[in-house]
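Taking it in order: structure first as structure tokens, then the write-up.
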Amino acid sequence: MSQVNNKDELCKFAKKCAYVGNKLILDTEPLTPINYHGEKEKFFKSSTYNPIYKYKKKNLNRIKKLLNKLNYELISLTLPTDLNIYLKKYLQNLNLLFLGFQSIGTPNFAKITNQLFDWSTKNINNIKTQLPQIRFQEECNGVLSAKEIKKELEKYIKKYGIYDHPVITDNYNDHTIRVTQKKVIIGYKVKRNFANVKRLIVHEIETHVIQKYNVRLSKNPLLKLLIYKDWWLYAEGLAVYNEIQSNTLTHSAYDTYLYRVEAVKMLNQSFRQIYNNLATHLPKEKAFITTYRVKRGLADTSAPGGFPKDAAYLLGYKTIVEYVQSGGKINTLYVFRIPQLAHLLTKYNLWQKKKYKYPKFLK
């Protein structure tokens, strides 16, 4: 096994990188417009209106200075070539994320996100034909409220012996369920039937929460240095893969993933055009949210481009299938999250075995 001689210096560097990376997570919080609800009302009162969004600005002056220092610090580190290349790519990705934050609400936002999520157009267009025959979980009539879902998720988190990842409800981002580094957040308007709550447990708890728990348990900052696109691709891909493997994927969830890809394919159309297309297949509320997710980050949503992250669910599923077919182990992704990082940290003995957690359906 190869060795890195200056592990302490590398870990100090990685800790600084992880701090900056945590400040540059370009997703729900920074991309939620401060006038979301008002623009939604205007949209539904008109047949032609495209939302004009306003965003809270974040002061990133200190982060920019830290980024500049990190670029110089990497040059001073003596590292194996492949590890150096990965860390250089990671810093370039952080710089791009910084530009992404700066460009929120500007015409430049779409250009930056296209570089962040450089999905292959061919892969996106062909994804539906590459999906397997899926046996869907039968959906029941009973519907749980956000508070009831919260209780179910809390129960399953505790079953895994995880006590530092609380579940909270969100009155502002009222339509989403998301997992941050230390919380599960449920929009207070969210409702799901019993079958979809079972699916959520697999997706959010037995995938995302367990992965994040393992990273915290490791106390290894190198495990936090993920290229942004790869992070989403493998995280959401693994969650969908687990849903399918555990037979908890519902038809409605599958349709959601599929129409998210369709929305990304239509990204250069206006909000109204995308919505009108989706509304022929989805309920109005779901069509709006699906459209909003790909146009968030823009001010004028009649403009082309947006936030193409939502292709990650099905593109990621395909990536996970290929990873497994090539001999990759799912357990590996519960610690390292992406294969390239697993290879490098294992090759240079830069991680420690601990009592990491894995979903029960893998045992």
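Any read-out appearing in this document is the output of simple, stated calculations on the displayed coordinates, not a laboratory observation. Not measured: the values here are computed from a predicted model. Here the Cβ is made from the backbone with ideal geometry for all residues, glycine too, and neighbour counts use every protein chain on show.
Yes or no: the stretch 168-190 includes at least one residue that is out of contact with any Pro (no Cβ under 7 Å at 6 or more places or on another chain), in a helix (DSSP H, G or I) and in contact (Cβ under 8 Å) with a residue 24 or more places away in the chain.
No; the residues of the stretch 168-190 include none that is out of contact with any Pro (no Cβ under 7 Å at 6 or more places or on another chain), in a helix (DSSP H, G or I) and in contact (Cβ under 8 Å) with a residue 24 or more places away in the chain.
In the stretch 33-63, how many are part of a loop (DSSP other than H, G, I, E, B) and either surrounded by fewer than 18 Cβ atoms within 10 Å (Cβ to Cβ) or in contact with a Cys (Cβ under 8 Å, 6 or more places away or on another chain) (or both)?
Counting residues in the stretch 33-63 that are part of a loop (DSSP other than H, G, I, E, B) and either surrounded by fewer than 18 Cβ atoms within 10 Å (Cβ to Cβ) or in contact with a Cys (Cβ under 8 Å, 6 or more places away or on another chain) (or both) gives 12.
Please verify whether the stretch 17-30 includes one or more residues that are in contact (Cβ under 8 Å) with a residue 24 or more places away in the chain, under 25 Å from PHE307 (Cβ atoms), loosely packed, with under 13 Cβ neighbours inside 10 Å and of a type outside the set (Phe, Trp, Tyr).
Yes, the stretch 17-30 has at least one match.
Take the conditions within 21 Å of TYR228 (Cα to Cα), in contact with a Ser or Thr (Cβ under 9 Å, 6 or more places away or on another chain) and either among the charged types (D, E, K, R) or part of a helix (DSSP H, G or I) (or both) and apply them to ILE25. Does it pass?
Working: within 21 Å of TYR228 (Cα to Cα): yes; in contact with a Ser or Thr (Cβ under 9 Å, 6 or more places away or on another chain): yes; either among the charged types (D, E, K, R) or part of a helix (DSSP H, G or I) (or both): no.
It is false that ILE25 is within 21 Å of TYR228 (Cα to Cα), in contact with a Ser or Thr (Cβ under 9 Å, 6 or more places away or on another chain) and either among the charged types (D, E, K, R) or part of a helix (DSSP H, G or I) (or both).
With the requirement that a residue be more than 21 Å from the chain's Cα centre (by Cα) and in a helix (DSSP H, G or I), what does the stretch 309-363 give you?
Listed by number, the residues that qualify are GLN325, HIS343, LEU344, LEU345, THR346, LYS347, LYS360, PHE361, LEU362.
In the set PHE336, PHE361, which member is over 22 Å from GLN115 (Cβ atoms), buried (at least 23 other Cβ atoms within 10 Å of the Cβ) and out of contact with any Cys (no Cβ under 7 Å at 6 or more places or on another chain)?
Answer to the selection: PHE336.
Quick check: is even one residue across the stretch 131-140 farther than 30 Å from LEU60 by Cβ, surrounded by 19 or more Cβ atoms within 10 Å (Cβ to Cβ) and basic (Lys, Arg)?
Within the stretch 131-140 (the criterion being farther than 30 Å from LEU60 by Cβ, surrounded by 19 or more Cβ atoms within 10 Å (Cβ to Cβ) and basic (Lys, Arg)), the answer is no, since none of the residues qualifies.
Go over the candidates VAL240, VAL261 one by one and state the one that is in contact with a helix residue (DSSP H, G or I) (Cβ under 9 Å, 6 or more places away or on another chain), in a helix (DSSP H, G or I), aliphatic (A, V, I, L, M) and under 29 Å from LYS360 (Cα atoms).
Unique residue meeting the criteria: VAL240.
Taking the stretch 64-79 as the region of interest, how many residues are assigned to a helix (DSSP H, G or I) and farther than 16 Å from LEU225 by Cα? Before the answer, list the steps.
Filtering the stretch 64-79 for residues assigned to a helix (DSSP H, G or I) gives 64-76.
Next, only the ones that are farther than 16 Å from LEU225 by Cα stay: 64-65, 68-69, 72, 75-76.
Count: 7.
Quick one: would you say THR129 is part of a helix (DSSP H, G or I) and touching a Leu at 6+ places or on another chain (Cβ under 9 Å)?
Working: part of a helix (DSSP H, G or I): yes; touching a Leu at 6+ places or on another chain (Cβ under 9 Å): no.
So THR129 fails the test.
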